[in-house]
Amino acid sequence: MERRLAAILAADVVGYSRLMEQDEADTFLRLQAHRKELFEPEIDKHYGRIFKLMGDGLLAEFASVVDAVECAVALQLGLAERNKGQSDSRRIDVRIGVNLGDVIVEGEDRHGEGVNIAARLQQLAAPGGVCLSGDAYRQVKNKVDATFEDLGEKRVKNISEPVRVYRIALMLAERPYVNDGSIATPGLELALERGRESYGRRAWLEAYQSLSLANQTTRLAGEDLELLAMSSYLIGRDDDYIGALDRAHHAYLDSGEGIRAARCAFWLGLRLAFRGQSGHSTGWFGRAQRLLEREKHDCVEQGYLLLPIAEQRLAAGDYEAANTAAARAIGIGNHFEDHDLIACARHLQGRALILQRRVDAGLALLDETMVAVIAGELSPIMTGLIYCSVIEACQQVYALGRAHEWTSALAQWCEEQPEMVAFTGVCRVHRAEIMQLHGAWVDAIEEAQRACERCQRVNQQAAAAALYQQAEVHRLRGEIAAAEEAYRSAGEWGWESQPGLALLRMAQGRSDAAVAAIRRVVRATTEPLQRTRLLPAYVEIMLAVGEIEEARGACRELEEIAASFQTDVLGAMAAHAQGAVELAEGNAQAALSALRRAWQVWQRLEVPYLAARVRMLIGLACHALGDHERGELELDAARAAFEQLGATSDVASIDSRAQVDRRLKPTGHRA
């Protein structure tokens, strides 16, 4: 008899017999629709499996109690939305119980106390509510963004020991009834008041729950729908964000507030653009523009509509036009004293200057933008968007110190808002990248794993980046199978797994595959800064297969890009590549000069792996020049650094070279 620990969700329809008596056929059809359109997709989305269906309920199994509880909340939210506008005779409410316990496995079915307790908890829940056991609560209390109410120990049928019961304080799902069964107005007013208050103190989940409750029972004004939309976005419910913002847009249209409707249309267009839905995005931006053209006076929204134009010009490589559009937006923002618009437009100017190779001027504008961000002058969503964009821009030009500084600030901002889901996963990806760079590889993998868990449901691109980051560290540590799996997963999520995968193929001895992959991606990439992420690997692979002329060409290009952007890191990357090529061509003295320049930068920036890689080449160059004692000192230092990092492949490479040297050198000469 197989037993295992599982999270069990039990759901049961309230007043099933009454509903069937009133209209059996209609009730049956509506239950079937709820099951097919809500319950089954939502349970599957949360990695659960229905193992028993009853006429008035179901039982589902989850490997994770966090998934089970989040699914329970999502089901009640979805059902409340579907019930909106229905009469009491047509509403279908459910109670849900969640337990973590031991179950007996019998084919596809599950039995035992773990299942029984879940069913009893369901009976204790209010209509539209969720109850969970103490065992489940202990697993989720710091992992699920929800408020829990301790109901104490309860004796339940056929369970010998009392069960500790907790109620999720949703309010949003539990209707405030009065005697005649209608919705109580005081409950509505309280929910709306709580939603606004929670939003004000950045309790995003509470705001979402309370505003959702109010939205179920009445038609909210545009202002409150905007609060609901922003709360939805910040807790990672992207579809709810778009739906609420769409309703806010139409609420403003109905009340004759065209400018505020245009503002909603802008945010809808922006979010859809981020999701890659260019047609829908362009349509909303066009609608916003048309609404503003009807107005007889200037407004700040005209400046907001310049932002996507600036972004489009940046993407097209027309940096001067992007700068011009951003400058116009700043002028409008200054006129209307709109901090969000000013900050976003100024950071776009900074990015345009960087891409025009005016790096210092561009970084200065990004720094100025971050002053407003750090001071808390911006709205929550704009704050998060600018954090992410500025960090990405700093990484793009290898401004590693700034990237580290702003990532630390982003992490602190996220920690101050424990209910926030948006931006937290992206923050962890950035932190993982910085940890890897500075040699904290174990921490980097753990942080990337947490980023992937956080992002996989709300930001697939960030989740893919986190998988790639995991793959990179696994490769450097010589964990070939784990790296292969992570690169594959990142690719499935749409991430370009190069140049890491090509370097992995070299480590596997599959040089033909490595050469084909790196040539393909280098030829397909045209933007200079994007090419700098590929060219060092291209040089390394071409040297390894003896294609020295190709390596030399890539090295020259890297040098030209570094000279035009004039940053220390790009200069070190170019010097590193130059040293490797010179050494392969037999010019050890020229190699030493370039390699020492690169080593000084990596040492100063505390990038231990790249510093050790350069030091290994310095050791080989010293040997080539006949200074075997210095060469051994450099190789020993590089080996010690690799060993400390856990770079097993590099340790093996140095040991292999030493064995070859011992066979080739005269007896008595120290290898």
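What follows draws every value from the coordinates through simple rules; no lab data is involved. Since the structure is predicted, the reported quantities are computational estimates derived from the model, not experimental observations. Because the Cβ atoms are built from the backbone with ideal geometry, glycine has one as well, and the counts that use them run over all protein chains shown.
General observations
- Theoretical ellipticity at 222 nm over the chain - DSSP helices of four or more residues, -39500 (n - 2.57) apiece, nearest 500: -22000 deg cm²/dmol
- Contour excess over end-to-end distance, with Cα ends at GLU223 and GLN461 and 0.36 nm allotted per residue: 82.6 nm
- Proximal aspartates and glutamates to LYS296, defined as alpha-carbon separation beneath 18 angstrom and excluding residues fewer than eight positions away on the same chain: GLU257
- Between LEU29 and PHE148, the C-beta separation translates, for a Förster distance of 35 Å, into a calculated FRET efficiency of about 0.45.
- Antiparallel %, DSSP beta bridges [both residues in the chain], to 5: 90 percent
- DSSP bridge orientation in the range 2-175 - percent antiparallel, rounded to nearest 5: 90 percent
- Using a simple spin-label model with pseudo-atoms 7 Å out from Cα toward Cβ, SER278 and GLU40 lie 3.6 nm apart.
- Counting all C-alpha pairs of the chain, share separated by more than 48 Å (%): 30 percent
- Förster-model FRET efficiency, 56 Å R0, GLU549 and GLU197, C-beta, rounded to 0.05: 0.25
- Sites GLU337 and SER87, calculated FRET efficiency, Cβ-Cβ separation with R0 35 Å, nearest 0.05: 0.10
- Cα→Cβ-extended label distance, 7 Å offset, between ALA513 and GLN603, nm: 3.9 nm
- The slack in the chain from ARG556 to ARG3, taken as 0.36 nm per residue of separation less the alpha-carbon distance, amounts to 192.7 nm.
- The range 298-422: relative contact order as a whole-number percent, Cα under 8 Å and 6+ apart: 17 percent
- Ordering 525-532, 594-601 by mean Cβ neighbour count within 10 Å, with the highest value first, yields 594-601, 525-532.
- Taking every alpha-carbon pair under 8 Å whose residues sit at least 6 apart, the chain reaches a relative contact order of 6 percent.
- When each of LYS84/LYS157; LYS45/LYS157; LYS52/LYS157; LYS45/LYS84 is checked by Cα-Cα distance, pairs over 30 Å: LYS84/LYS157; LYS45/LYS157
- Extension reserve of the ALA640-SER255 stretch, reckoned as 0.36 nm per residue once the Cα distance is removed: 131.5 nm
- Protection proxy ranking of 257-268, 190-201, by the mean of other Cβ atoms within 10 Å over each peptide's residues and highest first, is 257-268, 190-201.
- Pairwise centroid distance, computed over Cα atoms, of the range 59-138 with the range 402-480, Å: 32 Å
- Cβ crowding within 10 Å averaged over residues, with 97-104, 50-57, 67-74 ranked highest first: 67-74, 97-104, 50-57
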